[in-house]
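*Asks:* My questions will all concern the structure given below.
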Amino acid sequence: MKSRIFILIGPPGAGKGTQAKNIANLKDFVLISTGDLLRENVEKKTELGITAKSYMDKGELVPTELVARMIKANIKQNIGRNGFLFDGFPRDLAQNALLSEMLKEFNLDVDKVIYIDVKDEAIHERLTNRRICPKCKKVYHMKYNPPKHGELCDDCNVSLIIRDDDKIDVIKKRLEVYHKSTQPLVDYFEKSGRITKINGERTPKEVEGEIISNI
Ligand SMILES: [Zn+2]
């Protein structure tokens, strides 16, 4: 059976990572999340992981080509499975070109791109209100999921912190980079009618339901 290929894209803070994990579980898809893939390879000290770590240790970005090789190894391992769900790759047209070249080698192509649409203002609201417990890593939202007492973790009673990634300037920058690199990707898949836009400004369960009904 030919594996189907799905790509999940959406701005930072859209809850993409969680959705990807749940959808992959529900549909029995192989989840290819570049973040997880990197961590796994580094932990297992694979040849690719060791090379990747040398970049990370220097505080540099892991080259796309290296990530692509990890993805390829993963596809090879899981070929014949029901489907693959990509999270975090491709992020731009260049990465997409790499991916489609790779897929071609396996006689595969992208079936559908699910685009979780969340407006910038909503992202700001979500991320600037996010707090995390430095000890147990539990995530709170000061409006929708606040801690019981002030800004203290319910379980550990320590002060919650704002992740560096969630600071206003950083969010602004991340959104800028996202729009600049992802919009051309969205346009590209729109032209071939392979994109489905999902309104991401609803509860995670509702978003999940709509994604499921579209794949
Ligand atoms: Zn805690």
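The values are calculated or read from the model by the stated rules, or taken from the named source; none is laboratory data. Just so it is clear, the structure is predicted and the values come from calculations on it, not from any experiment. Here Cβ is always computed from backbone atoms with ideal geometry, including for glycine, and neighbour counts include all displayed protein chains.
*Asks:* In the range 185-205, what residues are in a helix (DSSP H, G or I) and exposed (fewer than 13 other Cβ atoms within 10 Å of the Cβ)?
*Replies:* Selection gives D187, K191, P204, K205.
*Asks:* Moving on. Tell me, please, whether a residue that is in contact with a strand residue (DSSP E or B) (Cβ under 8 Å, 6 or more places away or on another chain) and assigned to a loop (DSSP other than H, G, I, E, B) can be found in the range 175-184. I'd like the intermediate steps shown before the answer.
*Replies:* Taking the range 175-184 as the starting set, the residues that turn out to be in contact with a strand residue (DSSP E or B) (Cβ under 8 Å, 6 or more places away or on another chain) are 182.
Now narrow it down to the ones that are assigned to a loop (DSSP other than H, G, I, E, B): none.
There is no residue in the range 175-184 that is in contact with a strand residue (DSSP E or B) (Cβ under 8 Å, 6 or more places away or on another chain) and assigned to a loop (DSSP other than H, G, I, E, B).
*Asks:* I've got another one for you. Given the structure, is K21 of a type in the set (D, E, K, R), at pLDDT below 95 and touching a strand residue (DSSP E or B) at 6+ places or on another chain (Cβ under 7 Å)?
*Replies:* yes
*Asks:* Would the range 85-93 turn up any residue that is hydrophobic (A, V, I, L, M, F, W, C), under 25 Å from F189 (Cβ atoms) and at pLDDT below 95?
*Replies:* yes
*Asks:* Counting only residues that are more than 12 Å from the ligand (Cβ to nearest atom), surrounded by 13 or more Cβ atoms within 10 Å (Cβ to Cβ) and touching a residue at least 12 places away in the same chain (Cβ under 8 Å), which one in the range 126-150 is farthest from F84 (Cα to Cα)?
*Replies:* Restricting to residues being more than 12 Å from the ligand (Cβ to nearest atom), surrounded by 13 or more Cβ atoms within 10 Å (Cβ to Cβ) and touching a residue at least 12 places away in the same chain (Cβ under 8 Å), the top hit is M142.
*Asks:* Check whether at least one residue in the range 53-69 is free of Cβ contacts under 8 Å to residues at least 12 places away in the same chain, aliphatic (A, V, I, L, M) and touching a helix residue (DSSP H, G or I) at 6+ places or on another chain (Cβ under 8 Å), and report yes or no.
*Replies:* Checked the range 53-69: at least one residue is free of Cβ contacts under 8 Å to residues at least 12 places away in the same chain, aliphatic (A, V, I, L, M) and touching a helix residue (DSSP H, G or I) at 6+ places or on another chain (Cβ under 8 Å).
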